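Here is the structure we will look at.
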Amino acid sequence: MSVIRPATEDDLPVLQDIEIAAGKPFAEIGMTAVAEDEPPSLETLREYQRDGRAWVWVDDDDYPIGYLVLGVVDGVAHIDQVSVHPDHRGRRIGKRLIDHAVFWAKDHGMPSITLTTFTDVAWNGPYYERLGFRYLTAEEQTPGLQAIRAAEAAHGLQDWRRASMRAEVASWSFDGSVSET
């Protein structure tokens, strides 16, 4: 049975592979620079893993096929990355990983969870909106989110519309049973 578990040191190179595979569909919609972007470094992933904020969805052989890394920005949980290998899309793995992150935020007394995303990519902004996230106005951007957006722009992501989104922990709708490992 597939489960969510904390990422291990041995999982980190696999997370990079998942990120590369998950980026490829961006090329199909003309976002080649995004598709060709380097995955997070092992050092970056290791920081999340050591801080207990990196989780993987594993197959029946305990091999990661999706992952989520979570930061804390301005006192709330922030999804820095959630990716699922394209071979396993459509199984709600990403949703369950996000559910797990929302549980984490709730357990840590955080009222909401945020992320930044592409607004015009079906599996980004519109997907997160269906899950319960809402777009933030310019006035609602916290200093930390503004800094993330500025770093994204400096990285070249300003070529496509991006936005910050937030969901409230108290009103989050969870899928079925979520493993709280």
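The values are calculated or read from the model by the stated rules, or taken from the named source; none is laboratory data. It should be emphasised that the depicted structure is a prediction, and the values quoted were computed from it without experimental measurement. Heads up, the Cβs are rebuilt from the backbone with ideal geometry, glycines too, and the neighbour counts pull from every protein chain shown. Only protein heavy atoms, including side chains, enter the accessible area calculation; ligands, DNA and RNA are left aside. Shrake-Rupley method; radii C 1.70, N 1.55, O 1.52, S 1.80 Å.
Go through the residues of the range 99-113 one by one and say whether even a single one is more than 20 Å from P6 (Cα to Cα) and either modelled with pLDDT under 95 or among the acidic types (D, E) (or both).
no
Scan the range 55-71 and give yes if some residue there is open to solvent by 40 Å² or more (accessible area, probe 1.4 Å) and outside any loop (DSSP other than H, G, I, E, B), otherwise no.
no
Mind counting the residues in the range 72-93 that are closer than 26 Å to T142 by Cα and in contact with a helix residue (DSSP H, G or I) (Cβ under 8 Å, 6 or more places away or on another chain)?
Quick first cut of the range 72-93, residues closer than 26 Å to T142 by Cα only: 72-83.
Imposing the further condition that a residue be in contact with a helix residue (DSSP H, G or I) (Cβ under 8 Å, 6 or more places away or on another chain) reduces the set to 73-74, 76-83.
The qualifying residues number 10.
Residues that are more than 17 Å from the chain's Cα centre (by Cα) and under 23 Å from P40 (Cα atoms): does the range 109-116 have at least one?
no
Give, as residue ranges, the helices (runs of 4 or more DSSP H) completely inside the range 1-52 that count at least 1 residues that are among the polar types (S, T, N, Q) and modelled with pLDDT of 90 or more. Talk me through it step by step, then tell me what you get.
Working: elements: 12-28, 32-35, 42-50.
Per the criteria, 12-28, 42-50.
Taking interchain pairs and intrachain pairs at least six residues apart, which have beta carbon atoms under 7 angstrom, with the first residue in the range 28-41 and within 26 Å of L12 (Cβ to Cβ) and the second of a type in the set (A, V, I, L, M, F, W, C) and part of a loop (DSSP other than H, G, I, E, B)?
M31/W160
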